[in-house]
1. Could you list, in sequence order, the residues of the range 150-162 that are free of Cβ contacts under 8 Å to residues at least 24 places away in the same chain and either crowded, with 17+ Cβ neighbours inside 10 Å or not in a helix (DSSP H, G or I) (or both)?
2. Quick check on the range 208-218. Is at least one of its residues crowded, with 20+ Cβ neighbours inside 10 Å and more than 18 Å from the chain's Cα centre (by Cα)?
3. Six or more apart or on different chains, Cβ atoms under 6 Å: show the pairs whose first residue is in the range 70-84 and aliphatic (A, V, I, L, M) and whose second is surrounded by 11 or more Cβ atoms within 10 Å (Cβ to Cβ) and assigned to a loop (DSSP other than H, G, I, E, B).
4. Within the range 20-37, does at least one residue satisfy the condition of being assigned to a helix (DSSP H, G or I) and modelled with pLDDT under 95?
5. When only residues in the range 40-62 that are of a type in the set (Val, Ile, Thr), part of a helix (DSSP H, G or I) and in contact (Cβ under 8 Å) with a residue 12 or more places away in the chain count, which is farthest from Arg24 (Cα to Cα)?
6. Please list, ordered by first then second residue, the pairs with beta carbon atoms under 7 Å, 6 or more apart or interchain, first in the range 173-198 and aromatic (Phe, Trp, Tyr), second part of a loop (DSSP other than H, G, I, E, B).
Amino acid sequence: MSSSSSPRRGGASALDIVGRLTERDRLLCRVLWEHRVLTTEQVCDLCFTSLTSTQHRLVALRRMAVLERFRPLRPTGSASWRYTLGLLGAAVVAAERGVEAPRPSVVRDRVVALAAHQRTAHTLGVNGFFCALHAAARRRPDAAVGAWWSERRCAAEWGDFVRPDAYGIWEEGGERFEFFLEHDTGSEPLSRVAAKLAGYRDLAEADGVSRPVLFWLAQPGREPGLRKALGATALPVATAVAGTGNPADTIWLAVGEEAPRRPLVQLGTLTARATR
């Protein structure tokens, strides 16, 4: 970075600031590079244990231009801050990856686009799912998030067949469960949501691997209708409603079953059933 473009806060140079970044700060920057935006609470779930500590560190990182933030306007009350990469944070990750750092105008335009785009709420819903899994993994000595791929990375890997909102791996108790995630905010007709299964069927046939598809619903009232629209399917599919518990918990209901709900790790049995 040239001296003219190096962010300075309180007289500190960019190199001084980089030297103050912890491994947790760098992890947060890497996640934001891949997944774009997180709320304060999601950052806490991802890599902190105290919301107050999270808030203090995020404010400090913003002052150092490592992060930027925005929040939507509400008629009453105030929304949580949304954090994304600032100029220095983007430069740090670019240096780690061996790519050119984005120009200040590019970083600024990305922040504005996130603040203005209606799809940001959808992105936060997906990211909240995985941040909650990270929080669950910290509380369970035998659990871990083995993978968390963004929509962009999924599209690059499987875009000829499907474009899931995310791909993940959950590990717990010696079991390993990989899945695709579809986050339903209620903006699409149920028939259109259900029609996505056709692409997953084609992918399963092409790959010879039938990965479970998980539908994570933002609206509780949508689950019965979606399950009816999904109908009978040989694919391993399950549904759950955000807000009813941590995604790792016993909140998942397999399509084709009325009960019981299962924890995330037990959904791996659906794969075995579907491939028989």
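1. Selection gives Gly159, Asp160.
2. Within the range 208-218, the subset crowded, with 20+ Cβ neighbours inside 10 Å is 210-217.
If we keep only those that are more than 18 Å from the chain's Cα centre (by Cα) as well, we get 210-211.
Yes: one or more hits.
3. Ala79/Arg71; Ala79/Pro72
4. At the first step, the residues of the range 20-37 found to be assigned to a helix (DSSP H, G or I) are 20, 23-35.
Within this subset, residues satisfying the condition of being modelled with pLDDT under 95 are 20.
Scanning the range 20-37, I find at least one residue that is assigned to a helix (DSSP H, G or I) and modelled with pLDDT under 95, so the answer is yes.
5. If we take residues in the range 40-62 being of a type in the set (Val, Ile, Thr), part of a helix (DSSP H, G or I) and in contact (Cβ under 8 Å) with a residue 12 or more places away in the chain, then Thr40 is farthest from Arg24 (Cα to Cα).
6. As it stands, the answer is Phe179/Arg211; Phe179/Pro212; Phe180/Pro164; Phe180/Arg211, since those pairs meet every condition given.
To keep it simple, each residue is scored yes or no on (1) under 17 Å from the mean Cα position of the chain (by Cα); (2) charged (D, E, K, R).
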site	(1), (2)
Arg119	yes, yes
Asn127	yes, no
Trp148	yes, no
Val162	no, no
Gly168	yes, no
Arg176	no, yes
Glu182	yes, yes
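The values are calculated or read from the model by the stated rules, or taken from the named source; none is laboratory data. Note that the coordinates shown come from a computational prediction; the quantities given were computed from them, not determined experimentally. In this analysis, Cβ positions are derived from the backbone assuming ideal geometry, glycine residues included, and neighbour counts consider all displayed protein chains.
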